[in-house]
Amino acid sequence: MAQFIPIIDPEMMEFGSEADVARAMLKQLGSGYLVMHSLPWVFPARDDIDAPAREGEADFLILHRQHGLLILEVKGGEIALKGRTWVRWVKSEPRQIKDPVKQARRSLWALKKRLNLICGKQIADRTIISVGVAFPHCLYKDHPPSDLPVEAIITMDDLSDIEPAILRAYKAGGGGKHELSVLEFDAVRRALAPEFRIYEPLRVSVDNTAETLARLTRQQLQVLRAFDANTHAIVEGVAGSGKTLLAIQRARSFTKTRDAILFTCFNSELAKWIREEIGEDLAENGGKITVQNFHRLASDLCKEAGVEFVANAADTQRWWDERAPDLLAEAAMELYPDGPPFDALVVDEAQDFSPGWWDALDYLCDRANPVWAFLDKAQSLRRDPIAPPLKGAFNVALDVNCRNTRRIVACANSATSIESEPFELAPLGRPPKLIVPQSPAAISGLVHQELRSLLTDHRLEPRQIAILGPASKAKGPLANVTAVDGVPLIDEASAWRDGKGVLVTTARSFKGLEADVVILCDFSGLGTLFTVSDLYVALTRARSHLIIVAHDRTAKESLDAALAAAVATGSDE
């Protein structure tokens with residue numbers, strides 16, 4: 001049976017003449033035919049650029065790989081050609097109608113140009129287009145019109161065996177000279193009956209989500225300002241609860257009553273971002289705030305004081321936990337003999353600070369001065385995170401996530417068994433997308449494909465996208481990929497924020513930061529190299545949309561429940 005586009009029901013057709021031809025083709029044409037009914041077309045006027053577009057419609061297009069394309073115009077009733085005027089007899093009166101041959105040939109040239117434009121000249125030239133006219137209610141005598149070969153005329157006698165009549169019309173127009181390949185046939189089909197979809201680029205929902213979440217974050221910060229009077233506080237919050245923004249706000253508020261504030265954290269990239277955010281409040285810019293992650297702080301002070309500072313490569317973590325703070329204390333005593341240089345301290349990512357680090361910080365800021373610590377134990381790089389040693393500190397718990405959409409929160413909660421509540425006014429968002437490669441070697445191509453779609457189809461900027469994984473770019477599946485459609489893949493977060501490329505980094509390096517869209521690349525399950533804390537960090541970095549490219553099917557199955565939870569979120573709304 002022939003394929004019809006669209007699927008037709010002759011009983012529902014407006015014109016009986018077309019319905020009669022359709023019934024005949026439905027019953028008799030084989031599977032090699034593709035029939036399109038009532039195909040409209042529009043083409044710009046040829047001569048006058050300001051003229052309205054030319055419009056037309058083909059009653060039937062019949063496409064066949066061997067015979068080409070047949071444009072079949074259908075005219076019902078009793079038809080006559082008098083002189084050069086076509087008429088239809090209605091209640092014994094002749095009424096002028098459009099010339100069916102000219103109608104068909106107008107369609108021929110319009111569709112020929114369309115094929116040339118969309119498929120290219122080679123396919124357009126190989127697609128022989130013929131024209132025919134069907135008079136399903138009539139017979140004829142005398143000679144046919146000069147522009148309509150007798151073989152291209154189909155009458156009521158042909159309806160009982162319509163395929164030979166259609167082949168005859170094909171042949172009259174030169175059909176059968178070139179058989180279209182499967183690919184050429186499909187290209188012509190798609191040009192004549194394209195799949196046209198109007199979609200909302202992700203950029204629209206990302207921008208709306210970012211605006212809503214920023215407003216919710218500001219509201220949360222306004223509420224937390226009520227705790228500013230406390231000189232010592234421990235703020236423990238879930239991912240996305242605004243801890244770092246509150247820490248920045250707290251440091252800035254200290255500048256009203258304090259002369260030198262130290263803001264320190266664990267992650268070097270987070271420290272860089274905070275420095276960018278604080279800007280003119282930085283001590284080096286004439287302000288009062290010094291921002292540095294603990295590792296760089298210790299290294300710089302030891303270098304300034306002339307204290308040898310060389311990490312033990314054999315046991316790096318123990319060296320940093322125990323030896324580095326002693327060296328920092330030694331350097332501080334050398335540089336600041338009159339006492340600690342700072343009179344207020346803000347510590348972000350406090351769950352990653354060892355007891356020795358806190359002891360060393362006493363040499364930079366007396367603990368009798370204001371000290372605020374911010375932490376999320378679920379993001380700890382230590383197996384057993386240690387509470388900040390601040391006696392008498394006011395404790396604040398932030399359990400509401402105002403960074404992520406509700407579906408991302410649901411996915412992260414289920415995947416890590418770490419509970420947090422989405423802000424009730426947060427956008428629902430799109431369900432996270434989980435992709436499984438045929439093999440690990442295909443991961444690079446899948447990420448490339450997703451990036452191309454995000455940048456081109458969804459109109460996102462490079463600085464809105466971050467690719468996170470267990471390994472750095474140099475050691476991961478994207479090691480040999482330098483760019484996607486001219487957009488560089490980079491591993492420097494500050495350059496990423498400047499819009500110089502899409503960031504590729506580890507989940508640990510991105511801790512404390514966020515992006516509109518995150519691609520978790522090469523997730524192969526949980527272990528010592530990628531812990532549940534790393535997964536929690538990676539999933540909650542995405543504000544608006546999350547894409548996960550699994551390492552294999554086993555890794556995918558470990559996240560199936562989390563994806564199901566995300567999809568189910570909001571289903572009752």
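The values are calculated or read from the model by the stated rules, or taken from the named source; none is laboratory data. Keep in mind the model is a prediction, meaning the values are calculated, not measured. As a convention, Cβ positions derive from the backbone with ideal geometry for all residues, glycine included, and neighbour counts pool all protein chains shown. Ligands, DNA and RNA are excluded from the accessible area calculation, which covers all protein heavy atoms including side chains. Shrake-Rupley method; radii C 1.70, N 1.55, O 1.52, S 1.80 Å.
Could you list, in sequence order, the residues of the range 111-147 that are open to solvent by 70 Å² or more (accessible area, probe 1.4 Å), in contact with a strand residue (DSSP E or B) (Cβ under 7 Å, 6 or more places away or on another chain) and in a loop (DSSP other than H, G, I, E, B)?
Leu139, Tyr140
Output yes when any residue across the range 367-382 is modelled with pLDDT under 95, open to solvent by 40 Å² or more (accessible area, probe 1.4 Å) and of a type in the set (Asp, Glu), and no when none is.
No, the range 367-382 has no match at all.
Output the residues belonging to the range 175-202 that are more than 23 Å from Val131 (Cβ to Cβ) and either modelled with pLDDT of 90 or more or open to solvent by 70 Å² or more (accessible area, probe 1.4 Å) (or both).
Hits for the range 175-202 are Ser181, Val182, Leu183, Asp186, Glu195, Phe196, Arg197, Ile198, Tyr199, Glu200.
Looking at (1) in a strand (DSSP E or B); (2) free of Cβ contacts under 8 Å to residues at least 24 places away in the same chain, which one does Arg218 not meet, given that it meets all the others?
Of (1) in a strand (DSSP E or B); (2) free of Cβ contacts under 8 Å to residues at least 24 places away in the same chain, only one is false for Arg218: (1).
Can you tell me which condition Asp343 does not meet? The list is (1) over 41 Å from the mean Cα position of the chain (by Cα); (2) under 18 Å from His232 (Cα atoms); (3) open to solvent by less than 10 Å² (accessible area, probe 1.4 Å), and all the others hold.
Exception for Asp343: condition (3).
Only one of (1) of a type outside the set (Val, Ile, Thr); (2) in contact (Cβ under 8 Å) with a residue 24 or more places away in the chain; (3) open to solvent by 10 Å² or more (accessible area, probe 1.4 Å); (4) on the phi < 0 side of the Ramachandran plot is not met by Phe510, so which one is it?
(3)
Of all residues being assigned to a loop (DSSP other than H, G, I, E, B) and in contact with a strand residue (DSSP E or B) (Cβ under 8 Å, 6 or more places away or on another chain) in the range 428-441, which is most open to solvent (accessible area, probe 1.4 Å)? Just the residue, please.
Ranking the qualifying residues of the range 428-441, first place goes to Arg430.
On the basis of being in contact (Cβ under 8 Å) with a residue 12 or more places away in the chain, buried (at least 21 other Cβ atoms within 10 Å of the Cβ) and of a type outside the set (A, V, I, L, M, F, W, C), does Ser472 make the cut?
no
Out of Asp516, Asp522, which single residue is within 27 Å of Gln351 (Cβ to Cβ), open to solvent by 20 Å² or more (accessible area, probe 1.4 Å) and either touching a Ser or Thr at 6+ places or on another chain (Cβ under 6 Å) or in a strand (DSSP E or B) (or both)?
Unique residue meeting the criteria: Asp522.
Take Thr554 and decide whether it is in contact (Cβ under 8 Å) with a residue 24 or more places away in the chain and open to solvent by 10 Å² or more (accessible area, probe 1.4 Å).
yes
Scanning for something over 21 Å from Ala479 (Cα atoms) and in a loop (DSSP other than H, G, I, E, B), does the range 539-549 turn up at least one residue?
The answer is yes, given that some residue of the range 539-549 is over 21 Å from Ala479 (Cα atoms) and in a loop (DSSP other than H, G, I, E, B).
Could you count how many residues in the range 446-480 are farther than 26 Å from Trp273 by Cα and out of contact with any Pro (no Cβ under 8 Å at 6 or more places or on another chain)?
Residues meeting the conditions: 7.
If a residue must be under 48 Å from the mean Cα position of the chain (by Cα), part of a helix (DSSP H, G or I) and not aromatic (Phe, Trp, Tyr), how many such residues does the range 168-197 contain?
Residues that pass the stated criteria total 10.
Check Thr209, Thr255, Thr244, Thr231 and return the single one that is touching a Pro at 6+ places or on another chain (Cβ under 6 Å) and open to solvent by less than 50 Å² (accessible area, probe 1.4 Å).
Just a single option satisfies the conditions, and that option is Thr209.
Restricting to the range 292-307, what's the tally of residues that are over 38 Å from the mean Cα position of the chain (by Cα), more than 20 Å from Arg250 (Cβ to Cβ) and part of a helix (DSSP H, G or I)?
8
Give the residues of the range 236-291 that are closer than 18 Å to Ala538 by Cα and assigned to a helix (DSSP H, G or I), sorted by residue number.
Lys243, Thr244, Ser268, Glu269, Leu270, Trp273
Inspect the range 270-279 for any residue being open to solvent by less than 50 Å² (accessible area, probe 1.4 Å) and within 16 Å of Val371 (Cβ to Cβ) and give the result as yes or no.
So far as the range 270-279 goes, no, none of its residues is open to solvent by less than 50 Å² (accessible area, probe 1.4 Å) and within 16 Å of Val371 (Cβ to Cβ).
Tally time: how many residues in the range 525-543 are under 14 Å from Asp376 (Cα atoms) and open to solvent by 40 Å² or more (accessible area, probe 1.4 Å)?
Within the range 525-543, residues that are under 14 Å from Asp376 (Cα atoms) and open to solvent by 40 Å² or more (accessible area, probe 1.4 Å) number 1.
Could you check, for the range 484-502, whether at least one of its residues is touching a His at 6+ places or on another chain (Cβ under 8 Å), open to solvent by less than 10 Å² (accessible area, probe 1.4 Å) and within 18 Å of Arg463 (Cβ to Cβ)?
Scanning the range 484-502 turns up at least one residue that is touching a His at 6+ places or on another chain (Cβ under 8 Å), open to solvent by less than 10 Å² (accessible area, probe 1.4 Å) and within 18 Å of Arg463 (Cβ to Cβ).
Can you report the number of residues in the range 286-307 which are at pLDDT 95 or above and open to solvent by 50 Å² or more (accessible area, probe 1.4 Å)?
Looking only at that region, the number is 6.
When you look at Ala474, is it of a type in the set (A, V, I, L, M), farther than 20 Å from Ala415 by Cβ and in a helix (DSSP H, G or I), yes or no?
Considered against the rule, which asks whether it is of a type in the set (A, V, I, L, M), farther than 20 Å from Ala415 by Cβ and in a helix (DSSP H, G or I), Ala474 comes out as yes.
Quick one: how many residues across the range 1-37 are of a type in the set (Val, Ile, Thr) and within 17 Å of His137 (Cα to Cα)?
Count: 1.
Is it true that some residue in the range 133-145 is touching a Gly at 6+ places or on another chain (Cβ under 7 Å), among the basic types (Lys, Arg) and modelled with pLDDT under 90?
no
Kindly list, by first and then second residue, each pair from a residue in the range 296-320 that is more than 20 Å from Glu334 (Cα to Cα) to a residue that is outside any helix (DSSP H, G or I), limited to pairs with Cβ atoms under 6 Å and residues at least 6 apart or on different chains.
Trp319/Ala311; Trp319/Asn312
Take the residues of the range 379-434 that are among the basic types (Lys, Arg) and in contact with an Asp or Glu (Cβ under 7 Å, 6 or more places away or on another chain): which is farthest from Asn208 (Cα to Cα)?
Among those that are among the basic types (Lys, Arg) and in contact with an Asp or Glu (Cβ under 7 Å, 6 or more places away or on another chain), it is Arg382.
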